[in-house]
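Below: one structure, written as structure tokens.
The values are calculated or read from the model by the stated rules, or taken from the named source; none is laboratory data. Computed from a predicted structure; not experimentally measured. Reconstructed Cβ throughout: ideal geometry from the backbone, glycine too, with neighbour counts over all protein chains shown.
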Amino acid sequence: MTAMAKAPAPLSRRMRGFEAASRLVETRIRKAGESRGFAISRLLTHWAEIAGPDIAAQCRPVKVGYSKGGLGGTLTLLTTGAAGPMLQMQLPALRERVNACYGYNAIARITLTQTAPTGFSEGQAQFDTAPQPAPRAVAPEIQSQARASAAPVQDDTLRAALERLACNVLNRAQQNKGTPR
């Protein structure tokens, strides 16, 4: 009898070194997506790239359903009531983009579910359909104070973010100066 060589034991989690965070949660995301009918999670994670920024700002995918014996599935999108008619006209082009993501004609129909931006649990996501408020004018002395406070920071993006934060704080302090709390 020859002794069978034992396969090396799998490396423990500590011995594998660093892993990408996406690999740690990959199975959980896949299971959650499959429970909603999303065989490919890329449709959820890259929705803005697949649908385009204009369409992605107005809707999001909620579910993919497959009928028994039928070919192709039904993609259900959640949108606000006002955006529904505009999206309805764009559904054929959107269906082509979604099927390009799958690599074959996986989606036969797209249905729209309209709700308010804040409603039931799935309708609580805020869509980017509201216009952004115009930036407030900041006094030049506040801008110079903010620039001086963030000047020692070497990183350009961090310095710019700190300048915006300082402008907001100083501007708010100046506005609240005359109002009692």
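Summary of computed values
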| read-out | value |
| --- | --- |
| Scan of the range 50-74 for residues that are small (G, A, S) and touching a residue at least 60 places away in the same chain (Cβ under 8 Å), ordered by number | A57 |
| Test: residue in the range 168-178 that is modelled with pLDDT of 70 or more, assigned to a helix (DSSP H, G or I), in the same structural domain as W47 (by TED's automatic domain parsing) and of a type in the set (V, I, T) | no |
| The range 10-48 - residue that is in contact with a Lys or Arg (Cβ under 9 Å, 6 or more places away or on another chain) and in a helix (DSSP H, G or I) and, of those, modelled with the lowest pLDDT | L44 |
| Condition check for A82: in contact (Cβ under 8 Å) with a residue 24 or more places away in the chain, assigned to a strand (DSSP E or B) and of a type in the set (G, A, S) | no |
| Qualifying position, being outside the structural domain of P53 (by TED's automatic domain parsing), at pLDDT 90 or above and of a type in the set (G, A, S), among A160, A148, A130 | A148 |
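Conditions tested, residue by residue: (1) in contact (Cβ under 8 Å) with a residue 12 or more places away in the chain; (2) part of a loop (DSSP other than H, G, I, E, B); (3) closer than 15 Å to R60 by Cα.
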site	(1), (2), (3)
T76	yes, no, yes
M86	yes, no, yes
M89	no, no, no
A93	no, no, no
E96	no, no, no
C101	yes, no, no
A108	yes, no, no
T111	yes, no, yes
